[in-house]
Structure formats: structure tokens, C-alpha cells
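To keep things clear, I will list the structure first and then write my remarks on it.
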Amino acid sequence: MTRTMATIGTKWKPIIIYAIGIKTLRFGEIFARVEIISKKVLTQQLKELAEDEIVTRTEYNEIPLRVEYKLTEKGIELLKILNQLTLWNQKYNGEGYKQEE
């Protein structure tokens, strides 16, 4: 459990994973979905998620630079757990964040 919490135990990581969902998104799209996070914190959290192999970061050699993020297989498995937590929250605490497809 300690390693699990080290991987996803910050305030933002589960929210970021849930916001990415099954899509490939650019930084700005993730930022728009999360809304209340600073760009600096989002950048750091995405870097850590990539290091933990929860997301992949693909950089395209274009001007302006284009970077896309996508959940890995490991991240998709984690998303399934987060979806269950969301259902639990909706059942016991009312409505929760609705994931876009």
C-alpha cells in the first residue's frame, strides 16, 4: 500500500488520470479539464506519472512544440479502479465529476 500511495497518493494524480481517461490529450486539454491546478503543478505531476509509467509523454518535433499524453496499460488499469471510486462516491455522496469520452 505504501508504494501505491507514493505512486498515486497526491491530491492531483488521480484527478489527472481520470481527466485523461481513454483519450490522448495535449497539455492544454488536460489543464482545461482539471481547471483548478496550476500549470507548474500539472507539469510536475505529469512528469512523475510518466516516470511511474502511468502515462506516456510523446513529444513531436514541430513548431510550436506539440506534446501529447496518454495512459499506459498500467494507467488504464488504474483508471478502472478510479472509475469504481467515482461510482462509490456517487452512490454515497451524490453526484461526482463526469468523465468525458
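Numerical summary
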read-out: Pick from the stretch 37-65, criterion closer than 17 Å to residue 7 by Cβ and free of Cβ contacts under 8 Å to residues at least 24 places away in the same chain, ranking: least open to solvent (accessible area, probe 1.4 Å); value: 50
read-out: Filter result (open to solvent by 40 Å² or more (accessible area, probe 1.4 Å) and aliphatic (A, V, I, L, M)) within the stretch 7-36; value: 15, 22, 32, 36
read-out: Residue ranges of helices (runs of 4 or more DSSP H) in the stretch 1-59 with at least 3 members within 15 Å of residue 78 (Cβ to Cβ); value: 2-8, 13-20, 39-51
read-out: Selection count, the stretch 66-93, where residues are among the hydrophobic types (A, V, I, L, M, F, W, C) and open to solvent by less than 50 Å² (accessible area, probe 1.4 Å); value: 5
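The values are calculated or read from the model by the stated rules, or taken from the named source; none is laboratory data. Not measured: the values here are computed from a predicted model. Using ideal geometry, Cβ is built from the backbone for each residue, glycine included, and neighbour counts are taken over all protein chains shown. The protein model used for the area step is the full one, side chains on, heavy atoms only, and it has no ligands, DNA or RNA in it. Shrake-Rupley method; radii C 1.70, N 1.55, O 1.52, S 1.80 Å.
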